[in-house]
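These notes concern the structure reproduced below.
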Ligand SMILES: [Mg+2]
């Protein structure tokens, strides 16, 4: 048995390492063109860059390999680790480089030099970080003491999304934020590490925002440093007890309209037509789930057959939502079950229809609904059943 404190510490350190790597690669890329790494906006830098090296894929693949390698090293008993990336990318000369983190720093540096042939400084920075043991940030250390109890790692598997919202990571569009929600730009990028139990339900999640602290425009303009914001939670499958970091705090605001995060272009007519809903489309699945975690949005909905969300996108945030008394359910399974349900919706067992993380890498084509407060999901499905003429108002 491993205690939750050790487990969460490992997940947080690993995500912090990935966040640092994503910042180093981005910085190296931007400064190669002489641009200010923070102030540059409104310019599709990735596409205009002179080098053909696929920096985006390098960052993605490298972060995933580092998380994978470190977690296997820290927790060798873990059942399975899966993620979005497959471990290879194309270098400058169009050859495929297999990203492998070697036990020797020099070997890792040689592998990275193939990927970044003209950038020895970055290669050296990256290989140092990859082979260092990071400490838990001070802001996190004290809170980790709240982690009690233990878990059996042989029952635990992991989903990784090394860089969620890669489009925002790549294009460096202007940061657009309002009411605490980041809609576009680097703060939408997240590193997602979610752990689930043998029953398929999430147990622990860490969501890092490597380019945090910039969600308000003024700060972004003042060229301040990026700050890694870390959101984490765990919940023991045995006792149901757990803890969510103070960053996950829920600002409960009473809104007349339910604020619903969806992906742009996939709004169901049901949602659009209902005047009681306000639809918003911030970038990134991890970013949208965080908005629900923090109470800045009430629900995150992905419609059926939209194919935009995968298990690696939701597992980490799902663990955090569960600790808050919410969750992420399958949209279709929930609706199907409700079709023949006669009782009061407030007593409906939504948690029976949660996403099962034992499934594969295919998109969650049955759609999802993420919520932190049960009354919001009750209201959504009540309205939907009336709209579908399955219930009377
Ligand atoms: Mg993703």
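Here, each number is a calculation from the coordinates, and none is a lab measurement. Note that this is a predicted model, so its numbers are computed, not measured. Backbone-built Cβ (ideal geometry, glycine too); neighbour counts: all protein chains shown.
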Exercise for the section: Might you check whether a residue that is within 16 Å of the ligand (Cβ to nearest atom) and not in a strand (DSSP E or B) occurs anywhere in the range 233-244? Expected result: no
Handout entry: Residue satisfying all of: in the range 132-154; surrounded by fewer than 16 Cβ atoms within 10 Å (Cβ to Cβ) and in a helix (DSSP H, G or I); nearest to the ligand (Cβ to nearest atom) among these
Key = 139
Fill in the blank from the handout: Restricting the range 319-351 to residues that are under 14 Å from residue 367 (Cα atoms) and assigned to a helix (DSSP H, G or I), the one nearest to the ligand (Cβ to nearest atom) turns out to be 331
Exercise for the section: Would you mind finding the one in 78, 101, 129 that is within 25 Å of residue 9 (Cα to Cα), in contact (Cβ under 8 Å) with a residue 60 or more places away in the chain, in contact with a helix residue (DSSP H, G or I) (Cβ under 8 Å, 6 or more places away or on another chain) and not in a helix (DSSP H, G or I)? Expected result: 78
Fill in the blank from the handout: The one condition residue 121 fails out of (1) exposed (fewer than 14 other Cβ atoms within 10 Å of the Cβ); (2) touching a residue at least 60 places away in the same chain (Cβ under 8 Å); (3) under 16 Å from residue 8 (Cα atoms) is (3)
